Amino acid sequence: MQDWLPALVWTDYRLAVLVTVSFPLALLIWAAFRRAEAVQRLLIIYWRVASLLAITVLLMIAALPISYLTSFLARVLIPISLWFWVDLNEEIDDLPKNSFKLTVTSWRWGITAYCIVGALFQITSLPCALMTKDAILTNPACRIWLDAPWGFKEVFFANSGDTFLGFWGIVGLVIYVLYLGHFVMFRLGKQGRTAVMS
């Protein structure tokens, strides 16, 4: 295993906290103060989709193989959720040119680039999704992806067991898949690329 890989994985997790959590949360608050409904709707959709990242952290704490697949899929689904909606794209394009619009646009492009690069980087970890948990724990190339979630657990869930957190990760994943399946099978055909909120 390359010496630079652990540092790169940790950098990725630090960037994820900034780009996928802190910044969009601040942007949502700013959009609420500005009463920018299109941006608020976009960010609500974003948070629904990006919740797969939080689910992935719980699954990785338990070293469950599926976490490598969910991590990759989250990087694919997030950019789609930000650019898919024709009506929101038009409304955001029509916003007055100011620092708010520049920030929203910069974040959309920034997180899109971050997710694409991250997805390409994580392709190398996808074989870990086909291994057993024991094999993952003994494989340095797979283990490296677990260090940051384990560090997160020590800070925020030190008194919780890995199995307990993994259970909630599985519950979250089941709910996520059911919601996504319902959207794709029933709502997408009716609403198309219009961000109709239910």
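The numbers here are math on the coordinates, done by the rules we state, and not lab data. No experiment lies behind these values; they were computed from the predicted model shown. Every residue, glycine among them, receives a Cβ derived from its backbone with ideal geometry; neighbour counts consider all protein chains shown.
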- Take the Cα atoms of the chain, build their convex hull, and give its volume per residue in Å³. 131
- Rough spin-label spacing in nm, given labels placed 7 Å along Cα→Cβ, for Arg48 and Trp10: 3.8
- Find how much the distance from Leu95 to Trp168 grows on full extension, using 0.36 nm per residue of separation minus their present alpha carbon separation; answer in nm with one decimal. 22.3 nm
- Item | Extension reserve of the Val117-Thr138 stretch, reckoned as 0.36 nm per residue once the Cα distance is removed | 4.9 nm
- Message: When only alpha-carbon atoms are used, what values of Rg and Dmax, in angstrom, describe the stretch 56-157?
- Response: 17.5, 55
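With a cut-off of at most 12 other beta carbons within 10 Å, and DSSP calling the residue loop, which trypsin sites (Lys or Arg not before Pro) in the stretch 83-137 qualify? Please list them.
Answer in residue order: Lys97.
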- Task: Give the residue from His182, Val86, Trp10 lying farthest towards the positive end of the charge dipole for the chain; charges sit on Cβ (+1 for Lys and Arg, -1 for Asp and Glu) and the dipole is referred to the Cα centre.
- Result: Val86
- Query: So if R0 is 22 Å, what FRET efficiency would Tyr179 and Trp109 give, r being the distance between their Cβ atoms, rounded to the nearest 0.05?
  - Reply: 0.25
- Restricting attention to the alpha-carbon atoms of the stretch 4-61, what are Rg (one decimal) and Dmax (integer), both in Å? 13.9, 44
- Work out the length of the dipole vector of the chain about its Cα centre, built from +1 on the beta-carbon of each Lys and Arg and -1 on the beta-carbon of each Asp and Glu, and round it to the nearest 20 debye. 400
- Query: Which whole-number percent of Cα pairs in the stretch 1-106 have a distance greater than 17 Å?
  - Reply: 59
